[in-house]
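Asks: Once you've had a glance at the structure underneath, I'll fire off some questions.
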Amino acid sequence: MRQEWEPEDLIEVWTLLEDEVVRLRNKTGANRLGFALLLKFFEVEARFPENAGEVPAPAVAYVAQQVKVPAEDWAAYDWQGRAITRHRTEIRTAFGFRAGTEEDQERLAEWLAAELCPVELSRERLMAAVVARCRNDHIEPPAPAKVQRLVGRAVTDFEAQFCRSRVERISHATRSRLEDLVVGSGDETGEGAVSGGGRSHFAELKTDPGAPGLELDDDGQE
């Protein structure tokens, strides 16, 4: 999330609506401010912040004014306690979302490998697609670092599957010849021999062709 906000943007995005204020009635101090900030952050990002520093300072000050809690209390919000667990559950319910599961991540990885990786090379756009898919399915997406790992895994799976599918389409005879070429290219003795008595094309390419240069005619012209 961006950290710089103009006053008009703060008012448009971070203003608590009447029904949202109602949800704060049984909350006080740091919990009141923390809940309000998590609520508005989730409304924008469809996920929760990973830490207090991810919430823009101007938004903290503006929301603190609305809930009548000092902005400094944001630093006292407990990120590991039972209160934040309840807050997250209440906020997900308010927006009709549910927490993501390991099974959700497995399905996302399979979806990426099968449908998006064949047509999209940018990992950033793949990550954005994961978040968009989660929003569409009303599932809280994994944290950004987990999304990055999920995309990396999907790309690896796609590349392995792609290689297997191409190898399977090659005839047995062609595969044998290719394997012979590879074996010949790895011959450190310089012989470059392959089955059938021939010489590996890779071995020929490895021979020194001499220093590169331009051919000159008898008059010394190019």
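Asks: Kindly provide the pair-distance distribution of segment 1-51 built from C-alpha pairs, with 10 Å bins from 0 and whole-percent values in order of increasing distance.
Replies: Pair shares across the bins are 22, 54, 23, 0.
Asks: Could you give me the percent of Cα pairs per 10 Å distance bin for segment 118-187, shortest bin first, beginning at zero and ending with the bin that holds the maximum distance?
Replies: In order of increasing distance, the bins hold 17, 31, 22, 17, 12, 2 percent.
Asks: Taking all protein chains in place and a 1.4 Å probe, what share, in percent, of the accessible surface of segment 1-85 do carbon and sulfur account for?
Replies: Details: 2290 of 4610 Å².
Carbon plus sulfur share of accessible area: 50 percent.
Asks: How big is D for segment 49-112, in µm² s⁻¹ as a whole number, if Stokes-Einstein is applied with the Kirkwood radius of its Cα pairs at 37 °C and 0.692 mPa s? Each step should come with its number before you reach the end.
Replies: Values: Rh = 14.3 Å.
The calculation lands on 230 µm²/s.
Asks: Note the full-extension length gain between residue 45 and residue 137 as 0.36 nm times their separation in residues minus their Cα-Cα distance, in nm to one decimal. Don't skip to the end; give the middle numbers.
Replies: Details: separation 92, 0.36 × 92 = 33.12 nm, distance 1.44 nm.
Difference between extended and current length: 31.7 nm.
Asks: Given N residues in segment 8-81, what is its alpha carbon radius of gyration divided by 2.2 N^0.38 Å?
Replies: Values: Rg = 11.2 Å, N = 74, 2.2 N^0.38 = 11.3 Å.
Compactness ratio reported: 0.99.
Asks: Over segment 52-103, with the other protein chains present, what is the accessible area per residue in square angstrom, probe 1.4 angstrom? Let's see the in-between values first.
Replies: On the way: 3020 Å² over 52 residues.
Per-residue accessible area for segment 52-103 comes out at 58 Å².
Asks: Please give the peptides 38-46, 98-106 ranked by average Cβ packing (other Cβ atoms within 10 Å per residue), highest first, as a rough proxy for protection. It would help to have the intermediate numbers written out before the result.
Replies: Working: 38-46: 18.0, 98-106: 12.9.
Output ranking for 38-46, 98-106: 38-46, 98-106.
Asks: Given labels modelled 7 Å from the Cα in the Cβ direction, how far is it in nm from residue 148 to residue 10?
Replies: Each label point lies 7 Å from its Cα, and together they span 3.0 nm.
Asks: Determine, for each peptide in 153-164, 15-26, the mean count of other beta carbons within 10 angstrom over its residues, then list the peptides with the highest first. Intermediate values should be presented prior to the final figure.
Replies: Numbers: 153-164: 14.5, 15-26: 11.9.
Answer by packing, highest mean first, reads 153-164, 15-26.
Asks: Could you order peptides 2-8, 88-94 by the average number of other Cβ atoms within 10 Å of their residues, highest first? Could you put the intermediate results ahead of the total?
Replies: Values: 2-8: 9.9, 88-94: 14.7.
Top to bottom by mean Cβ count within 10 Å: 88-94, 2-8.
Asks: Largest first and in whole Å, give the semi-axes of segment 3-158's equivalent ellipsoid, each being the square root of 5 times a Cα gyration tensor eigenvalue. Present the calculation step by step, with values, prior to reporting the outcome.
Replies: Numbers: eigenvalues 213, 52, 36 Å².
Each semi-axis is √(5λ); the values are 33, 16, 13 Å.
Asks: While we're on this one: Which whole-Hz ³J(HN,Hα) couplings does segment 177-183 yield from phi under the Karplus relation 6.51 cos²θ - 1.76 cosθ + 1.60, θ = phi - 60°, glycine and proline marked x?
Replies: 5, 5, 5, 4, 4, 5, 4
Asks: Extending each Cα 7 Å along its Cβ direction at residue 72 and residue 163, get the distance between those two points in nm, one decimal.
Replies: Once both label points are built, they end up 5.9 nm from each other.
The values are calculated or read from the model by the stated rules, or taken from the named source; none is laboratory data. Computed from a prediction, not measured in an experiment: that's the story for all the values here. We place every Cβ from the backbone using ideal geometry, glycine too, and count neighbours over all the protein chains shown. Ligands, DNA and RNA are excluded from the accessible area calculation, which covers all protein heavy atoms including side chains. Shrake-Rupley method; radii C 1.70, N 1.55, O 1.52, S 1.80 Å.
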